[in-house]
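The values are calculated or read from the model by the stated rules, or taken from the named source; none is laboratory data. A quick note: this is a predicted structure, and the numbers were derived from the prediction, not measured. Note that we place each Cβ from the backbone using ideal geometry, even for glycine, and neighbour counts take in every protein chain shown.
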Amino acid sequence: MADDIKKNKAKIKNVAKKELQNQAVKRKIKVEKGGQKKIKVDTAKENKIRKVGVKKPVVNDSKKNETKKNQIKKRRFYDYSPIFIILFLLMLGLIMIYSASSYTADLKFKNSAYFVNKQLIFVGLGLILMIIVSIIPYQFWIKLSKPIYLVATGLVGAVLVIGRDANGARRWINLFGIKFQPSEFVKVAIIIFSSYYLVKYKNDLHSTDRKVAEKKLWILFGAVFVPTLLVMVENLSTSIIIFLIAFCMSFLGTSNKRLHTVGAIAMGVILFFSKPFVKFIYERGARDYHLTRLLVWAEPEKFSRDGGYQVIQGLYAIGSGSLFGKGLGQGMQKFFLPESQNDMIFAIIVEELGLFGAGLIMGAFVFLIYRMIKISFSVKDPEGVYLVVGIFIHLSLQVILNIAVVTGVLPNTGVSLPFISYGGTSILVLLGEMGIVLSVARSIKLDY
Amino acid sequence: MSDNLKISRDKKGNNKKGKDGSTSNPLDNLQGRLVIILFMIIIAFAALFFKIFMLQRSKSKEYNQKILSQQKYDSRDIPYKRGDILDRNGTYIATSEKVYNLIIDPKQINSDQEDYLNATVSVLSEVFGYSIDELKSTIAQKSDSSYVKYAKDISYDQKIAFEEKKEEYNKSYKESKSSERVYGIWFEESYVRRYPYGSSACNVIGFANNEDLSGNSGIEQYYNDQLIGVSGREYGYLNDESSLERVIKNPTDGNKVVSTIDLNIQKIVEKHIAEWQSSTGSNMTAAIVMNPNNGEILALATSRTFDLNNPRDLNNYYSPEQQAEMDDKAKVDALSNIWRNYAVSDTYEPGSPSKVFTVASAMEEGVITGNESYDCKGFEEVGGWKIRCANRNGHGVLNVTEALMESCNVAMMDISRAEGSQKFYEYQKVFGFGSKTAIDLPGEADTSGLIHTADNASATDLATNSFGQNYNTTMIQLAAAYSSVVNGGSYYQPHVVKQILNSKGAIIENIEPELVRETVSAHTTAFINEALRRTVAEGTGSAAAVAGYDVGGKTGTAEKYPRGNGNYLVSFIGSVPAQAPEVVCYVLVDTPHVADQARSAYASSLFSKIMTEVLPYMNIYSNVDESIDVSKFPAAEGITDSNTQKQEESKNYSTEEVIPNDGGNGLPGAPAGEGEE
């Protein structure tokens, strides 16, 4: 597996070299043609940044790629760097899934590559989906925002009735023989719907009259609460993400300050006091499934027999990986971490690749988010901006929540790590979202 | 994280620019708020990264220990069974026996000390005879541990005895309404390697270390990959209800290896070597018995034996006082010397048996027809050296057959000179000298630097090489080459393993005889076989005769380096039946412990003794009627008459020496040019 990574990196490096040569040629052309000063400046700046810190060759060549493209197609801004980052993360994910799951897969299915093979299929489908979506103009989704919202809400309602049990929770629905998690679709639906809503009522939302703005915000929150509550029944963490996406997006879409400030403070308070509160009500004798999870979070060592096991084992994995980890495939915690290829995969990564691996992945995500923000700054059309912003909020929330759970900062809620964790629906949805981002990026006109 | 900060600063800068540009655009507000969100995200990332860093810094040691401790408790390896080694008749010559380790779980016992401690300890002491105080102190000392390996190598019967006692006690406790129980003891499977025949075939089998079950020397080492299996694992995992469940993945046992060795032949050979060693003795006596028609080694024995069940025992070779003086390195050196397989790993000058190859190659090339005659005056001058024949008075006029029978050096020098060094060394290559036989045993000596080539051989080298001096071979090289000459010219790769079976006994792989190349033609073989038959019947090899059989063979007496010390390496290689051999036996005696060593009869008579027992066992029938036998073959008595025989020999032949080579001639053969100057 390590070889694969090396090969991949070497390949990327080769590409980078070629691009460098290409660039030299292109620069000449640029001087001749003149203009495009802004891009030139940007490139220089980025180069500087790169020199200071960014470690991955992936980053380097993708940027050159971008510059090159800019000069060939003056009118189309097609951003390749996110694609490279996504491919890198997907690849790393496949490798880590194999490392984490091969033993269990061999035991259960007599095929050590069982999970990797399944994931590979979804990655393939997801990449095709991403390309298709990136070609479709994103306005298409905005136009359909209401039906999308209604269908997604209907599906999460339906899953409660006809859903399939998996891992003790009803999260799956069977459509045309394909199993999927509707709650994942709700996230996209909310992003699209919020984009539509925030643009449509932007005058009201930016009204100086507090009441007008807050009324529109409450309507949006109301619309979001319906699917949020339906999801919450079975999947608390996804519902929290859904709500937080809408909360953050609406914060960007209004000039109102009060509602979000109050909301943020309230959330902070809940987070701060939940530990003592949970302990308090436990001492009073309260016993409940959700409570147990929170107790485990509050005092994992004490409640290790009630599900703290997974958290503790994850912490052991993280704590025992040193600067460079135990080496790919050398981790021991995958034997103890149930379903380590899913939500706890980050723990395995830190155990096997160390702090370095953690930094690599987090760096890749930061760079991806940074590229998305850059796109959102370049887009003139507000709906495109909200779509990109919503998606980047979704992505970063999921990364932060996942790592926070794995490191024991937040209670164990079951959030997957984007592009890396095992899970078909999540991969499809995320790559679909990336397709939307690329579609928005394509709309950027450069000749101004 | 420094780059993250850079990026955010950069973003802020951009943002300000935007604001300056057009303040009325509502997107400006969005960008400002976006920066706030971005800032929070980056803080979150940095904080999480810092959290990971702190977790590793403060808990690394503790968590690593926990991981290791639960590794033992929650999941454990189930050992695989190392594959057995069988001889060609299916007799187990190496096998793995299941034994048990006694594991005490003090943590469980201490969880309710009053009920468990005394009951458990008393049963342990009753069944195994352990001291109660010692048990208690162990449990007290390691009270936090769940895994204390208290005893090893517990047999199945002992384990059953304990379990029965445990049941019995627990039942009676239950009946008497006592809450005491025997608890917290379990057995862990393990295997020990056993060699039922002790030191028999020790050089071929080798041994496996019980600790890591890796093979050391012999088949155990060479076929280690086949013999090892895959450990199973019992491990705990969480099910949907978050309770610990155990899953057992069964181990895959190693494959069985069927050797070509026939334990009965092996024992016959070993018996005679041991007899010889105890009566007269030598620095090294070794014998190979093989099937010339497919390269299978039937027996391979040396006088340097060791007990496979106790391979690190030096008592047979060193007195306790000597052992006490040895440091670790000396012990390791001594052991590796004992474990060394002489027949494969050691080289020596072969001496006269190589005359067979000289004649065969010359005949094959048409240089001689077999009817040539040579006049031996007892020496010949080659390249300025006076090289003597075994018979210092000279053999007189000999034909080719007689030259082999009488082991005449002068004739060989003449033949090789006629053949020329180009062809002579080409044939040395064809016969496999200088290259490995690729026998499936570890540590085969590389003799490529110990032979001459046509380019660097002087006339003297060629002359001395023609009768087996001045270059080195291994026993296995010589036996394989000889087999090819007597079997009609097929050089088979010698091998000691014929089959690989899986742990259930089904055949995985048949190791077919591998024909490496053709060496000589059938015509040459027929001539050589007849000459060799006459060598035993009428010539120097008469001590090797076996009553009732046509034996073909060639003696060898090579003076060892440094020359002139009277140390000799005597050997005999023979094939039976002489005209269509079914078995080849090569016997070598290095430095016999006698005053006059230069008698090949030491080896020949050993050959005869071995073959007298082996041939009937192999169902190779005597070619003569029993009734005629006694009267017509007095030569058979040559074995018992060895005294007269030997004396005769010592007068006439058997000492093949190179007179001028007594100087500091390094092996292989100091450049003759130097000597000339």
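Summary table below
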read-out	value
Test for A:I373: is it at the interface with chain B (Cβ under 10 Å from one of its Cβ atoms), within 16 Å of A:N342 (Cα to Cα) and surrounded by fewer than 24 Cβ atoms within 10 Å (Cβ to Cβ)	no
Residue that is surrounded by the fewest Cβ atoms within 10 Å (Cβ to Cβ), among those in the stretch B:477-529 that are assigned to a strand (DSSP E or B) and of a type in the set (K, R)	B:R517
Residue within the stretch A:249-262 that is farther than 18 Å from A:L205 by Cβ and not aromatic (F, W, Y) present	no
Per-region count, the stretch A:339-356, residues facing chain B (nearest Cβ under 10 Å), under 15 Å from A:I318 (Cα atoms) and surrounded by fewer than 24 Cβ atoms within 10 Å (Cβ to Cβ)	2
Number of positions in the stretch B:407-456 that are out of contact with any Gly (no Cβ under 6 Å at 6 or more places or on another chain) and either part of a loop (DSSP other than H, G, I, E, B) or of a type in the set (D, E, K, R) (or both)	30
Some residue of the stretch B:120-139 being at the interface with another protein chain (Cβ under 10 Å from one of its Cβ atoms), within 40 Å of the chain's Cα centre (by Cα), surrounded by 13 or more Cβ atoms within 10 Å (Cβ to Cβ) and at pLDDT below 90	no
Tabulated pairs, the stretch B:340-359, first touching a residue at least 24 places away in the same chain (Cβ under 8 Å), second among the aromatic types (F, W, Y) and assigned to a helix (DSSP H, G or I), C-beta under 7 angstrom, 6+ apart or interchain	B:P353/B:Y482; B:V356/B:Y482; B:F357/B:Y427
Boolean, B:A287 is in a strand (DSSP E or B), in contact (Cβ under 8 Å) with a residue 24 or more places away in the chain, closer than 30 Å to B:F607 by Cβ and of a type outside the set (F, W, Y)	yes
Helices (runs of 4 or more DSSP H) completely within the stretch B:292-352 that count 3 or more residues being outside the structural domain of B:G539 (by TED's automatic domain parsing)	B:320-325, B:328-339
All positions within the stretch B:381-404 that are in a strand (DSSP E or B) and among the acidic types (D, E)	B:E381
Condition met for A:V156 (at pLDDT 80 or above and in contact with a Pro (Cβ under 6 Å, 6 or more places away or on another chain))	yes
Which numbered condition A:Q330 misses (of (1) more than 8 Å from chain B (Cβ to nearest Cβ); (2) in contact (Cβ under 8 Å) with a residue 24 or more places away in the chain)	(2)
Output for the stretch B:297-321, where each listed residue is of a type in the set (D, E, K, R) and touching a helix residue (DSSP H, G or I) at 6+ places or on another chain (Cβ under 7 Å)	B:R304, B:R312
Tally of residues being surrounded by fewer than 24 Cβ atoms within 10 Å (Cβ to Cβ), at the interface with chain B (Cβ under 10 Å from one of its Cβ atoms) and closer than 24 Å to A:F140 by Cβ across the stretch A:382-426	2
Residues satisfying the stated conditions in the stretch B:32-66, i.e. at the interface with another protein chain (Cβ under 7 Å from one of its Cβ atoms) and farther than 17 Å from A:A404 by Cα	B:R33, B:L34, B:I37, B:L38, B:K59, B:S60, B:Y63, B:N64, B:K66
Among (1) of a type in the set (D, E); (2) surrounded by fewer than 16 Cβ atoms within 10 Å (Cβ to Cβ); (3) in contact with a helix residue (DSSP H, G or I) (Cβ under 7 Å, 6 or more places away or on another chain) - the single one B:E380 does not satisfy	(2)
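Residue-wise test of (1) crowded, with 17+ Cβ neighbours inside 10 Å; (2) within 14 Å of chain A (Cβ to nearest Cβ); (3) over 30 Å from A:Y103 (Cβ atoms); (4) at pLDDT 90 or above.
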{"site": "B:N203", "(1), (2), (3), (4)": "yes, no, yes, yes"}
{"site": "B:V247", "(1), (2), (3), (4)": "no, yes, no, no"}
{"site": "B:G254", "(1), (2), (3), (4)": "yes, no, no, yes"}
{"site": "B:W276", "(1), (2), (3), (4)": "yes, no, yes, yes"}
{"site": "B:I288", "(1), (2), (3), (4)": "yes, no, yes, yes"}
{"site": "B:S303", "(1), (2), (3), (4)": "yes, no, yes, yes"}
